[in-house]
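Encoded as structure tokens, the structure appears first; notes follow it.
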Amino acid sequence: MGVLREGATIIAGRPRSPPLAWLMAQPVQHDLAKLVLPIKASPQGVPSNDATAEHATHFARRLTKPAFETGAESHAEANKRALLLSSSAVPGASRLAAKLTCDDGEDPAVSLAHPVYMRMFRRVIGSELLISIHQTRAAGLRVNSFTLVWLEHAVAAAALLRFDPAPPIAWLRRIILKHLPRNARGWLYAQLHGEYEAKSGTFVIHFHGIAAGDYLAALDGPMRQDLKDQLKAKLDALPTLTTDPKVRVVLKVAKLQDTPRQVSYVLQSWWPSRPMVMTPRGWKRVRAKGRIPEPHHTNYLLWLDQQSISGLRLRMGLGSGG
């Protein structure tokens, strides 16, 4: 597919996201908001071989994990986005600012750019996924989480408003079906995500997901080898980069150990900025994440507002769902 650049075809309309009334009517049997609790590092958690304060601080930061955001926090983020948009000169920003502004307790607009709406969606679908995981394990099938980064899906920041997420999702479906046996048992849920890389001015598009049964076996076996063959074991340069940082195409499969937190991670709705730095081992993407710089943050929110939930995810073996 390559990098989408300026001049690309404008995307077509998307199916609607779940209506607010539908989300509010859904039972939340397993609530991520109550299950994803904060984890704070303790001095006892720092390895003894991390002798320096710098290493100890870095390790403690890795062990510190936030809780699922509260309703108040999602309202505050909505109003923060609205404030940033209201000061932007990008066409359409002021309209979206009005759409995102909301008081605590006020119903949100149906928009993937609205943190309150997305919190409601993540609680409903998170509960569905936790139930599916429990049922899958009871049936004796393996179920794991995964992350897939394929740099051909990177998007130049200047072209984000014209980025169509359908081809990457179709690509993922196609490559999974290629390696899936007949009468496959299990399921797969994947959600498209992006991270902004400032050195290249590029959004790195990737997937987070959960796979079970034959879908997991295909992903972690023949599909992994297929991707390696396509890549031919070489490194891909980030598109548009003038220097030479390089990133491996990643397919990472992980056991579900803190299942609610890992489900929440799959459903994350915030795209961060994640820079690359030069280390003794070459270019590496840092763990710390921040807000995307302007004007790309505004363009990201405007793009997100155009999308639907069904247009940014892949469900296989799960039925239609929400």
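Among D226, D214, D164, sorting on how many other beta-carbon atoms sit within 10 Å of each Cβ, with the fewest leading, yields D226, D164, D214.
For the stretch 72-174, the dipole from Cβ point charges (+1 on Lys and Arg, -1 on Asp and Glu) about the Cα centre works out to 420 debye, to the nearest 20. Segment A170..K289, full-extension length gain: 40.0 nm, with 0.36 nm per residue of separation and the alpha-carbon distance subtracted. Counted by neighbouring Cβ atoms within 10 Å, the residues Y265, Y189 run from fewest to most as Y265, Y189. Measuring against 19 Å, Cα to Cα, the residue pairs K65/K289; K199/K252; K34/K252; K199/K289; K80/K289 contain K199/K252; K34/K252 as the ones spanning a longer distance. Each residue, E73 and K255, gets one label point 7 Å from its Cα in the Cβ direction; the gap between the two is 2.8 nm. Neighbour counting of Cβ atoms within 10 Å sorts the residues T259, T101, T202, fewest neighbours leading, into T101, T259, T202.
Length available on full extension from H134 to D104: 0.36 nm per residue minus the Cα-Cα distance, which gives 7.4 nm.
Taken together, the values in this text are just the output of simple stated rules run on the coordinates, not laboratory data. Quick caveat: nothing in here was measured; it's all calculated off a predicted structure. Neighbour counts are summed over all protein chains in view; Cβ atoms, including those assigned to glycine, are modelled from backbone coordinates with ideal geometry.
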